[in-house]
Amino acid sequence: MSRSERIVGALAAIALLVAAGPAAAQSKYHLGQKATPEQIAGWDIDVRPDGAGLPAGQGSVSQGNDIYDAQCASCHGTFGESNTYLALTGVKTKLNYATTLYDYINRAMPFPHSKSLSADEVYAVTAYVLNLSDVVPADFVADRDSLPKVEMPYRDRVKPYSGLMSVDGKADVQNTACMQNCEKEVKVTASLPAGFVENLYGDIRDNFRGLATMNKLAPPVTSAPVEVAGGLELIQKHGCVVCHAVDKKIVGPAFRSVADKYRDNADARAQLIRKIRDGGSGAWGTVPMPPQTEPSDADLATVVEWLSTLPGEK
Amino acid sequence: MDQQDPKRGRVLPAPENFLDPAGKSRRRALGGLLTGGAALLAANSLRAAEVPAGTPAPTRFPPGVPPWSQTLGKPVGANPYGVPATFEGNIIRRSSPGLTTTTQSSVAFTPLQNLFGIITPNGLHFERNHNGRPDIDPYQHRLLLHGLVREPKLYTMEDLLRLPSVSRIHFVECGANSAMEWANPSVPTVQYTHGMLGCSEWTGVLLSTLLEDAGFDEKKAKYLLAEGADAAGLTRTIPIGFALDDVIVAYGQNGEMLRPEQGYPLRLLVPGVQGISNVKWLRRIKVGDQPFNTREETLQYSDLMPDGSSRQYTWIQEAKSVITSPSGGQQLLDKGGYFEITGLAWSGRGHIKRVDISTDGGKNWRAAKLQTPVLEKALTRFRADWTWDGSPALLQSRCIDSTGYVQPKMRQLREVRGTASIYHNNAIQTWLVDAEGKVHNVEV
């Protein structure tokens, strides 16, 4: 290092110290870094009712229709009518600002792989969902100017409630601390229907100590089926469980139903892998299964192997 | 157990029921089940009745010596991270059948019927996620604090662990706890009626420390946005008053790091405020000047009123109590026996002043004993003596908090809020003890 380089280096160090000086004096712990504008921009995704936070870009109802059919309809229903997942009717009947719809789709949807849509795509899906809910016309184009201006039907019905907004807010329902002869007559007015608990919850005696594990006379815990290692993890990892459960239909068939259907089919594994890869509809009803391009061949093979070990439904 | 005072009441499926297959109390329990007449229980009793033939003599009781007194035990450190005894295997969080469509946007309830004191074991603290539970590498986790601040800051976990810390005991209750009971009783046990509830000693940095560190704008700052790093990117509005009072950016739970289910490695802890505001996997706090109107403050977590309007920003969890034993699903034995009534009370507005107990459905009340410590915005354990006379009884608890507020009856709540509001059901719970000693969830 030459002399002049050393001087430049020393000056730079002094300049740094000077620059750091005032900030350091204000922050007594010297912990944490100053966040750069780029860092903030990557995470600062919230959108307020006044439109603050909406990015550049735009999307139309018809563009949104295509994205919705491919990425949203399998859960929410073609017309947003699904009663399996949250029906989109709430957009009309409970949501007060269209900006919140943008914010939520952008941060949390689609359910199995959130934050994967571009700003244009989010605008388009927002426009389409608003149109499905009869809030905007078919030629609506959503962007940072139009979205905050959308008049949601429910806007004025959502009101901050001061009673629960602070520790000393006024309670709306009060009881009295009566101690003697407080009720003339006490009657049981409602209870669980006969058989309800047994049918829905099974034998709940093992919800308490002294049973199942401690009391050897209690019914044995049903043993879990032997599973191929990794199958369960993979159906979680790849989001299969969003639409399928092991033993019940959600949007798609139960894994056990699929296992039953292909159990006696020699070509079943290759066929199943192909069906998962390409998606399709018809075999289990009209709701389409989207193509699954993301899982590796090895993962699909493991999932299908795991499927084949599931016990039948009966 | 066989030599216990015959006057002492026993609960069939409960902590007291550590029964031996050949024991006298077991036979009495079977008798009770048979007179109960339920097909399921009777079938089980028949199976049980066959067992005594092959049951070894009870040598484990005096004068016999049990095998664990004569065998070398397991080495120290056999379980480097300890786990509950195998006999406690059924003390677990449970999901309510049919409540949610997916296991990712769902809830698992704390087994309140099995717990003692006021601290919820970390593995049993209820779990509510919106887009699944992430597994976050703490070395790659960052907290961004920005908005109306002098200097936006990015903190590592190491930074946060080095800042001045506090440890405080507070409850966390989901705003939708007891939601399934708004219209009528619909679940069998206190795990499901009240189990979206936990109480821990939380450790972390006061949010006010971080706000000062970043130099927040004291004039303009009114509301904060808290955001999770999970796939939901869950967001909630926090008023600056709460933030400067007692909100903790927490990394510790009962002496260890947070469990993944409770937000590892970092969460917000907003004492007394509905669970969802205690944002888990916290990655960002933005200081702003108006509420953020997030999806979880409109489409959900707003309270639908009878006139069709919705109450928004209903943050505070009002005073509430419940008897955890005897409670739904248990069965009392020994008519004329002594039973301790015990339960939990809490208030998001302060501390619990008094808890009253009724055994006649609210006609007459008497004060329960409060177990210390009685802390602000924390669970308080209460107890009361009760000798059951064998006739049907309606057990209730009613709490009064430090503001003088008295926990309401269900019908009082419905008169004002209807039956569709989902959130903030803090009504008095009634447990019916029937003539057979079986305990049921009912309404009076």
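What does the accessible area of B:Glu201 come to, in Å² to the nearest 10, when a probe of 1.4 Å is used?
70
In nm, give the distance between the simple-model label positions of B:Gln70 and A:Lys34, each being 7 Å from the Cα along the Cα-to-Cβ direction.
So the two model labels end up 7.6 nm from each other.
What is the average number of partner chain Cβ atoms found within 10 Å of a Cβ in A:43-52? Mind dumping the intermediate values first?
On the way: counts 10, 8, 4, 11, 3, 7, 5, 2, 0, 3.
That average works out to 5.
If you place +1 on the Cβ of every Lys and Arg, -1 on the Cβ of every Asp and Glu, and leave all else neutral, what size is the dipole of the protein assembly as shown about its Cα centre, to the nearest 20 Debye? List each step's numbers first, then the result.
Values: 79 positive and 79 negative charges, 357 e Å.
Dipole of the protein assembly as shown, to the nearest 20 debye: 1720 debye.
Sorted by mean Cβ packing within 10 Å, highest first, what order do the peptides A:66-72, A:259-265 take?
Values: A:66-72: 18.3, A:259-265: 14.3.
Result, highest mean Cβ count within 10 Å first: A:66-72, A:259-265.
Residue separation times 0.36 nm, minus the C-alpha to C-alpha distance between A:Asp278 and A:Ala298: what's the value?
Details: separation 20, 0.36 × 20 = 7.20 nm, distance 1.60 nm.
Working it through step by step, the gained length comes to 5.6 nm.
Cα to Cα, under 29 Å, and not fewer than 8 places away if on the same chain: which lysines meet these conditions relative to B:Lys369?
Cross-link targets: A:Lys170, A:Lys184, A:Lys187, B:Lys7, B:Lys320, B:Lys335, B:Lys353, B:Lys377, B:Lys409, B:Lys438.
Apply the Karplus curve 6.51 cos²θ - 1.76 cosθ + 1.60, θ = phi - 60°, to the phi angles in segment B:245-259 and return the couplings in whole Hz, x for Gly and Pro.
These are the phi-based 3J(HN,Hα) values: 8, 9, 6, 10, 8, 9, 10, x, 9, 6, x, 10, 5, 3, 6 Hz.
For the pairing of chain B with chain A, what total accessible surface becomes buried, with a 1.4 angstrom probe, in square angstrom to the nearest 100?
On the way: alone 20990 and 22310 Å², together 33660 Å².
Approximately 9600 Å² gets buried when B meets A.
Across peptide B:146-158, how many C-beta atoms of other chains are within 10 Å of each residue C-beta, on average? Spell out each step's value before the answer.
On the way: counts 6, 3, 0, 1, 3, 7, 9, 6, 8, 4, 3, 0, 2.
So the per-residue partner count for this stretch is 4.
Would you work out the relative contact order for chain B, in percent, from Cα pairs under 8 angstrom that are 6 or more residues apart?
Values: 984 pairs, mean separation 71.8, N = 444.
Once divided by the residue count of chain B, the mean separation gives 16 percent.
Taking +1 at the Cβ of each Lys and Arg and -1 at the Cβ of each Asp and Glu, which of A:Gly239, B:Gly252, A:Met289 sits farthest along the dipole of the protein assembly as shown towards its positive end, judged by Cα position relative to the Cα centre?
My answer, from the dipole projection, is B:Gly252.
Applying the Karplus parametrisation 6.51 cos²θ - 1.76 cosθ + 1.60 with θ = phi - 60° to the phi angles of segment B:427-437, what ³J(HN,Hα) value in whole Hz is obtained for each residue in order, glycine and proline being reported as x?
So the Karplus estimates, Gly and Pro as x, are 5, 4, 8, 10, 10, 8, 9, 7, 5, 8, x Hz.
What is the local net charge at A:Ser296, summed over the other residues whose Cβ is closer than 12 Å to its Cβ (Lys, Arg +1; Asp, Glu -1)?
On the way: positive: A:Lys237, A:Arg277; negative: A:Glu294, A:Asp297, A:Asp299.
Result for the local shell: -1.
Using θ = phi - 60° and the Karplus curve 6.51 cos²θ - 1.76 cosθ + 1.60, what whole-Hz ³J(HN,Hα) does each residue of segment A:46-63 get, with Gly and Pro shown as x?
6, 10, 9, x, 7, x, 4, x, 5, x, 5, x, 7, x, 9, 4, 6, 4
Given Cα pairs under 8 Å that are at least 6 residues apart, what percent is the relative contact order of segment B:320-442? Write out the running numbers ahead of the final one.
Details: 294 pairs, mean separation 41.4, N = 123.
After rounding, I find 34 percent.
With springs only between Cα atoms under 10 Å apart, run a GNM on chain B and tell me which of B:Leu375, B:Leu299, B:Leu344 wobbles the most.
B:Leu299
I'd like the distance separating the alpha-carbon centroids of segment B:153-178 and segment B:60-76, in whole Å.
Result: 44 Å between the Cα centres.
Working with all protein chains in place, sort A:Ser118, A:Ser162 by solvent-accessible area computed with a 1.4 Å probe, largest first.
Numbers: A:Ser118 55, A:Ser162 85 Å².
Descending order: A:Ser162, A:Ser118.
Can you list residues whose amide H is under 5 Å from B:Phe171's amide H, if they're 5+ apart or on another chain and H is modeled 1.01 Å from N?
B:Gly272, B:Ala378, B:Leu379
Where does each of A:Thr78, A:Thr176 land when they are ordered by accessible area, with a 1.4 Å probe and the largest first? Display every interim value, and only then the final one.
Values: A:Thr78 70, A:Thr176 90 Å².
If we order A:Thr78, A:Thr176 from most to least accessible, we get A:Thr176, A:Thr78.
Taking the solvent-accessible surface of protein heavy atoms with a 1.4 Å probe, what is the per residue accessible area of the protein assembly as shown in Å²?
Details: 33660 Å² over 758 residues.
Here the residues of the protein assembly as shown average 44 Å² of exposed surface.
Given H placed on each backbone N at 1.01 Å, which residues far from B:Phe216 in sequence or on other chains put an amide H within less than 5 Å of it?
Under 5 Å from the amide H of B:Phe216 lie the amide H atoms of B:Arg150, each far enough along the sequence or on another chain.
About the Cα centre, and with charges only on the beta carbon of Lys, Arg (+1) and Asp, Glu (-1), how big is the dipole of chain B? Nearest 20 debye, please. If you can, show how the numbers build up before the last one.
On the way: 48 positive and 43 negative charges, 106 e Å.
Approximately 500 debye in magnitude.
Between exposed trypsin sites (Lys or Arg not before Pro) in chain B, where DSSP calls loop and at most 15 other Cβ atoms lie within 10 Å, what's the longest gap? Don't skip to the end; give the middle numbers.
Numbers: sites that count: B:Lys7, B:Arg60, B:Arg150, B:Lys219, B:Lys220, B:Lys335.
By the stated rule (loop sites, at most 15 other Cβ atoms within 10 Å), B:221-334.
Percent of accessible area on segment A:231-308 owned by carbon and sulfur, 1.4 Å probe?
Values: 2270 of 4190 Å².
It is 54 percent, rounded to a whole number.
Can you give the average number of partner chain beta-carbon atoms within 10 Å of each beta-carbon in peptide B:101-107, as a whole number? Intermediate values should be presented prior to the final figure.
Working: counts 11, 10, 4, 6, 5, 0, 0.
Taking all residues of B:101-107 together, the mean is 5.
Gap in Å between the Cα centre of segment A:235-293 and the Cα centre of segment B:355-371?
Distance between centres, Cα-based: 55 Å.
Please check: in the Gaussian network model of chain B (C-alpha springs, under 10 Å), which one of B:Tyr264, B:Tyr81, B:Tyr192 has the largest mean-square fluctuation.
Highest fluctuation of the listed residues: B:Tyr81.
With the full set of protein chains in place, find how many percent of the accessible area of chain B is carbon and sulfur; take the probe as 1.4 Å.
Within chain B, the accessible surface is 56 percent carbon and sulfur.
Cross-link partners among lysines for A:Lys237, C-alpha distance below 30 Å, same-chain residues fewer than 8 apart left out?
Partners found: A:Lys115, A:Lys248, A:Lys249, A:Lys261, A:Lys275, A:Lys314, B:Lys280.
Roughly how much of B:Asp230 is accessible, in Å² to the nearest 10, using a 1.4 Å probe?
10
Percent relative contact order of segment B:140-295, based on C-alpha pairs within less than 8 angstrom and at least six residues apart? If you can, show how the numbers build up before the last one.
Details: 333 pairs, mean separation 46.8, N = 156.
Contact order relative to length: 30 percent.
Sorting A:Met152, A:Met179 by accessible area (1.4 Å probe), largest first, what list results? Intermediate values should be presented prior to the final figure.
On the way: A:Met152 5, A:Met179 60 Å².
If we order A:Met152, A:Met179 from most to least accessible, we get A:Met179, A:Met152.
Placing +1 on the Cβ of each Lys and Arg and -1 on the Cβ of each Asp and Glu in segment B:112-311, which of B:Gly117, B:Pro134, B:Gly175 has its Cα farthest towards the positive end of the resulting dipole?
Ranked along the dipole, the leading option is B:Pro134.
Identify which of B:Thr237, B:Thr193, B:Thr156 has the largest mean-square fluctuation in a Gaussian network model of chain B, with springs joining Cα atoms closer than 10 Å.
Answer for the Gaussian network model of chain B: B:Thr156.
The values are calculated or read from the model by the stated rules, or taken from the named source; none is laboratory data. A quick note: this is a predicted structure, and the numbers were derived from the prediction, not measured. Note that each Cβ is placed from the backbone with ideal geometry, even for glycine, and that neighbours are counted across all protein chains shown. For the accessible areas, the whole protein counts, side chains as well, though only heavy atoms, and no ligand, DNA or RNA atoms are used. Shrake-Rupley method; radii C 1.70, N 1.55, O 1.52, S 1.80 Å.
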